[in-house]
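Down below is the structure, laid out as structure tokens.
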Amino acid sequence: MKIERIELHLIELALVHPFETSFGRQATRACILVSVHAGGLTGWGECTAESGPWYSCETVETAWHILRDFLVPQLLGKAVSSPADVVACSRRIRGHPMARAALENAVWDLLAQADSVPLAAMLNQGAPYRERVTVGVSVGIEPTLGELLERVAQYVDEGYARVKLKIKPGWDVDVVRAVRERWPDLMLQVDANSAYTPADTPVFQELDRLGLLLIEQPFHYDDIVDHARLQAVLRTPICLDESIRAPEHARWALEIGACRVINIKVGRVGGLSAACQIHDLCSERGIPVWCGGMLETNIGRALNVAVATLPGFTLPGDISASARYYRQDIAEPNFELNEDSTLTVPRRAGLGVQIVPDRLAAVRLRHLVCT
Ligand code: OSB
Ligand code: MG
């Protein structure tokens, strides 16, 4: 298919409830959507870069720059028959995985639509795959323990069987213990978003006693050596998120024992091709993976649901129902939580969700059409 036109859309949506991590509190989510137009079809990709360089060094503005000035010009007018053609186009660009992923993922959607198959079927290459993916919910830091317990109770009542608590120094052992005492059998895990240093090892030794599924990204995003030292003294698996930004990072982390679980975020690792490589590497080594989230709209959520159908995704993903994030999404239909803490994999072609043009226009801050 010849790529005829590519559009960039910068949007901003208000979150249903502010989300606080060790980086800070956010009430809105800005993101770039990429649409790739060819042969009467449109593929969509969501860029997971955020407003500020806290989780990742990429931001909405760096991604806009790299897409507009480097990625889009290399793809426009090209004939594309497989996602590998897009990967080849962007190979010369160092870093900027979230910008690269947005474009590559849009082409996956386009090609799946052209073949009239769901994205999950394309990813699984004809092998049978699950019809529902198991999910949990990521719960931000709250002003008080009482408010946190209320929020967790609400999600447990809604049917989430796995809860992830954000932690930071001063909001860790006591908080996690209180949740564990109230819900002794809940699948529970924590995410520090790099807020600790090796001097805090005793905190993790305390958390190690609370029956957690995993401890996500305790130390700095470049610090896999210190993660390996910590993993050696813990029973609970360490899961790396920020540290894994390419397939090589996954291999290096596993080779030195820096983690026993990997969180795969398609944007963070540079697109679906890289995500599949990490999945395959982890499967070969018996390492469980799960799909992380970045407060996506239904475009990114549909992508996450599709990738989570790969067989190595054996832990619940941070892919909550649409209503947990936004009052009105820019794409339909919404994902609803099933009673078994799963989301249903769409059966329609491509991502299986449809942009609602009026809703997109209503939240769009900037629009660029490239031909
Ligand atoms: O570290 O997993 C994270 C959201 C934004 C940035 C980083 C993270 C998160 C989440 C939210 O935990 C997961 C979700 O989308 O539900
Ligand atoms: Mg994380």
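Would you confirm, using the coordinates I've provided, whether residue 56 is over 18 Å from the mean Cα position of the chain (by Cα), within 24 Å of residue 291 (Cα to Cα), open to solvent by 20 Å² or more (accessible area, probe 1.4 Å) and not assigned by TED's automatic domain parsing to the domain that holds residue 242?
no
Residue 200 fails exactly one of the following numbered conditions: (1) open to solvent by 60 Å² or more (accessible area, probe 1.4 Å); (2) more than 16 Å from ligand 2 (Cβ to nearest atom). What is the number of that condition?
Here residue 200 clears every test but (1).
For (1) touching a strand residue (DSSP E or B) at 6+ places or on another chain (Cβ under 7 Å); (2) within 16 Å of ligand 2 (Cβ to nearest atom); (3) of a type in the set (Gly, Ala, Ser), each residue gets a yes or a no:
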| residue | (1), (2), (3) |
| --- | --- |
| 258 | yes, yes, yes |
| 265 | no, yes, no |
| 277 | no, no, no |
| 281 | no, no, no |
| 300 | yes, yes, yes |
| 308 | yes, yes, yes |
| 322 | no, no, yes |
| 330 | yes, no, no |
| 367 | yes, no, no |
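Which one of these is crowded, with 20+ Cβ neighbours inside 10 Å, in a helix (DSSP H, G or I), within 15 Å of ligand 1 (Cβ to nearest atom) and not assigned by TED's automatic domain parsing to the domain that holds residue 221: 112, 106, 102, 63?
Going through 112, 106, 102, 63 in turn, just one is crowded, with 20+ Cβ neighbours inside 10 Å, in a helix (DSSP H, G or I), within 15 Å of ligand 1 (Cβ to nearest atom) and not assigned by TED's automatic domain parsing to the domain that holds residue 221: 63.
Write out, first by first residue and then by second, each pair whose Cβ atoms fall under 7 Å of each other, whose residues are 6+ apart or on separate chains, and whose first residue, in region 316-327, is touching a residue at least 12 places away in the same chain (Cβ under 8 Å) and over 16 Å from residue 188 (Cβ atoms) while the second is more than 16 Å from ligand 2 (Cβ to nearest atom) and assigned to a helix (DSSP H, G or I).
Qualifying pairs under 7 Å: 319/301; 319/305; 322/298; 322/301.
Condition test on residue 189, is it in a helix (DSSP H, G or I) and not hydrophobic (A, V, I, L, M, F, W, C)?
no
Can you say whether residue 46 is open to solvent by 20 Å² or more (accessible area, probe 1.4 Å), acidic (Asp, Glu) and either in contact with a strand residue (DSSP E or B) (Cβ under 7 Å, 6 or more places away or on another chain) or assigned by TED's automatic domain parsing to the domain that holds residue 301 (or both), as far as the supplied structure shows?
When the stated conditions are applied, residue 46 does not pass them.
When you look at residue 219, is it modelled with pLDDT of 95 or more, within 19 Å of residue 258 (Cα to Cα), of a type in the set (A, V, I, L, M, F, W, C) and part of a loop (DSSP other than H, G, I, E, B), yes or no?
yes
Can you pull out the residues in region 134-151 that are among the aliphatic types (A, V, I, L, M) and more than 14 Å from ligand 1 (Cβ to nearest atom)?
145, 148, 149
Quick check: is even one residue across region 139-160 under 30 Å from residue 276 (Cβ atoms) and over 23 Å from the mean Cα position of the chain (by Cα)?
No: zero hits.
Any residue in region 131-147 that is in a loop (DSSP other than H, G, I, E, B) sitting within a Cβ distance under 7 Å of a residue that is open to solvent by 40 Å² or more (accessible area, probe 1.4 Å) and not aliphatic (A, V, I, L, M)? List the pairs, counting only those 6 or more apart or interchain.
Filtered contacts from region 131-147: 131/344; 141/168; 142/151.
The values are calculated or read from the model by the stated rules, or taken from the named source; none is laboratory data. For clarity, every value in this text was computed on a predicted model and none was experimentally measured. Cβ coordinates were reconstructed from backbone atoms using ideal geometry, including for glycine residues, and neighbour counts include every protein chain displayed. The area values use the complete protein model at the heavy-atom level, side chains included, leaving out ligands, DNA and RNA. Shrake-Rupley method; radii C 1.70, N 1.55, O 1.52, S 1.80 Å.
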